[in-house]
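To keep things clear, I will list the structure first and then write my remarks on it.
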Amino acid sequence: MFRAAAWGRFLVRTSWDPSSVAHPDRQSWDEYFLDLARAASTRATCVRRKHGAVIVRSRRIVATGYNGAPSGYPHCADGACPRARSDAPQGHDYESCTAIHAEANALLFSSPEERDGATLYCTGAPCFGCAKLIANSGIAEVVASGGRYDGWEHVRDFLRACGVRIRLLDGFEGSPALDLASATG
């Protein structure tokens, strides 16, 4: 069953099972944690894309991450990224990218014990490089708010073959109550 909720200029379509929610106006856990990943993305310093990730175990936040340059290195937004200065198409030439992806940062800031059986929420389908890290990290499931790209099916199939469940929640663009378009950092 799907719910479409209008709020201001927003229209949000999310999966919703009324039997699993005591209060129909309350966000599901997936919506809540995807909104937190979206909030983390506002810290991103990449000039091409803003991504965020949250690792959750037993409905408790283990770690967050966003994409950006390593600590101590100039930010991509300050002109330090050679990939951003190139004409490389989206999804290509990552070897020249100085940013650490949101999923990788979240994994770096969590321990193997914390990740074991956890769920990683992210603001888009992970790239193949992050999928390899996820597959070997102990993460049991990835939930992304859509973000399909050319070739993402390969990532999906790879994660499934490695025993990691992956769900892409199409149409989930964040809670209308959490308008991050005007957020400043």
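For region 20-54, which trypsin sites (Lys or Arg not before Pro) are both in a DSSP coil and crowded by at most 10 other Cβ atoms within 10 Å?
26
I want the local charge near residue 149. Using Cβ-Cβ distances under 13 Å, sum +1 for each Lys or Arg and -1 for each Asp or Glu among the other residues.
In short, +2.
How much net charge surrounds residue 44 when only the other residues with a Cβ under 15 Å from the Cβ of residue 44 are counted, with Lys and Arg +1 and Asp and Glu -1? Intermediate results must be reported in sequence, preceding the final value.
Working: positive: 38, 43, 48, 49, 50, 83; negative: 78, 103.
With Lys, Arg at +1 and Asp, Glu at -1, the net is +4.
With a sphere of radius 9 Å drawn around the Cβ of residue 167, what net charge do the other residues whose Cβ falls strictly inside it have (Lys, Arg +1; Asp, Glu -1)? Numbers along the way, then the final one.
Details: positive: 165; negative: 30, 141.
Net charge around residue 167: -1.
Could you work out how far apart the two model spin labels at residue 165 and residue 132 are, taking each label as a point 7 Å from the Cα in the direction of the beta carbon, and quote it in nm?
Those two pseudo-labels are separated by 2.7 nm.
Here, each number is a calculation from the coordinates, and none is a lab measurement. Keep in mind it's a predicted model, so treat the numbers as computed, not measured. Please note: Cβ atoms are built from the backbone with ideal geometry, for glycine as well, and neighbour counts cover all protein chains shown.
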